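Read the structure below first, then the notes.
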Amino acid sequence: MASVPGQDQGFRERRQSSDHEGFLAHKRFRWLKIAGAVCLIAILGYFWSDVTPHPNGGSWYGYTLGTIGAVLIVWLALLGIRKRNMTEGRWSLKAWTSAHVYLGLALIVIGTLHTGFQFGWNVHTLAYGLMMVVILSGIYGISVYASLPAALSNNSREMTRKEMVEALAAIDRQLHSAAQPLNREEADLVIAALDQDTFGWGLGARLLARYRGCTTTTALAHFASDWSRPVGSDDPRDKVRALLGKRKTQLDQIRRHMRIKALLEVWLYIHIPATIALLAALTAHIVSVFFYW
């Protein structure tokens, strides 16, 4: 059957529009509307239910919301597995991620109403607290993924991480040659700068952008401080100073790259372990409820 040119063009336009549509706005905010409707029904049910004195986790209303919440938590936790099976269509990764975000936020309402605002030092409140940690860390993840990729792209200036490292290595080779005529003390400063591991910094240093003990900064400060000494146009220290400045600039670019990447990834160190802990606490919560029911 021959295709119609107009239909093919319309399909391509819809496909391109879908490709450029973010997961938050997927299908014109379909999952935001669904999650909003679920929250509205849960809130109306809370005020209209005939539970005395008010709905709680042990009432029919509480069990209903608890069941919905438990199913949602398990279903949403499957996103990590879903990412390994990327498909198109109704349950594409984009659709699944959009549902994950908005239904995850809906859990704040569902879980809170399920508790009946009754909290204590028990496994039930622990499960609720872990759920909130997972949701809040997820909110952080959404915010950084919405803002930081552009900053990462601007910082890289169309360079990959490998190209940044190669540019630094090229400067280091020039710096190694330029430092040969220096005296022992100054040569040692340059050698220390060249020997320091570019990526040998902890997560805290990357996140805070505080690289205490940076030997490149120390060497550059030494060569840049003595402006009063007479320096000829062929003095090797001028070239070393210029190359150290270039090295510091390149290091700053790499470190900004590492910081942005760390900000993009650090939430997963909380989100994933908290999700696993939540599943365990949820299991204990359900078992204890049915044991004492």
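The values are calculated or read from the model by the stated rules, or taken from the named source; none is laboratory data. Note that the structure is predicted; figures quoted are calculated from it, not measured. With ideal geometry, Cβ positions are generated from the backbone for all residues, glycine too; neighbour counts draw on all protein chains shown.
Numbers at a glance
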{"read-out": "Hits in segment 79-114 (condition: surrounded by fewer than 17 Cβ atoms within 10 Å (Cβ to Cβ) and at pLDDT 85 or above)", "value": "Ile108"}
{"read-out": "Sole exception among (1) under 36 Å from the mean Cα position of the chain (by Cα); (2) surrounded by 13 or more Cβ atoms within 10 Å (Cβ to Cβ); (3) in a helix (DSSP H, G or I) for Arg173, by number", "value": "(2)"}
{"read-out": "Which listed residue, of Ile260, Ile276, Ile272, is among the hydrophobic types (A, V, I, L, M, F, W, C), in a helix (DSSP H, G or I) and farther than 30 Å from Leu72 by Cβ", "value": "Ile260"}
{"read-out": "In segment 155-164, the residues that are in a helix (DSSP H, G or I) and either at pLDDT 85 or above or loosely packed, with under 12 Cβ neighbours inside 10 Å (or both)", "value": "Asn155, Arg161, Lys162, Glu163, Met164"}
{"read-out": "Test result for Leu152, under 23 Å from the mean Cα position of the chain (by Cα), in contact (Cβ under 8 Å) with a residue 60 or more places away in the chain and surrounded by fewer than 15 Cβ atoms within 10 Å (Cβ to Cβ)", "value": "no"}
{"read-out": "In segment 1-43, residue modelled with the lowest pLDDT [restricted to those that are among the aromatic types (Phe, Trp, Tyr) and closer than 25 Å to Tyr145 by Cα]", "value": "Phe23"}
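For every residue, the table says whether it meets (1) surrounded by 15 or more Cβ atoms within 10 Å (Cβ to Cβ); (2) in contact with a helix residue (DSSP H, G or I) (Cβ under 6 Å, 6 or more places away or on another chain).
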{"residue": "Ala167", "(1), (2)": "yes, yes"}
{"residue": "Leu189", "(1), (2)": "yes, yes"}
{"residue": "Ala221", "(1), (2)": "no, no"}
{"residue": "Arg255", "(1), (2)": "yes, no"}
{"residue": "Ile270", "(1), (2)": "yes, yes"}
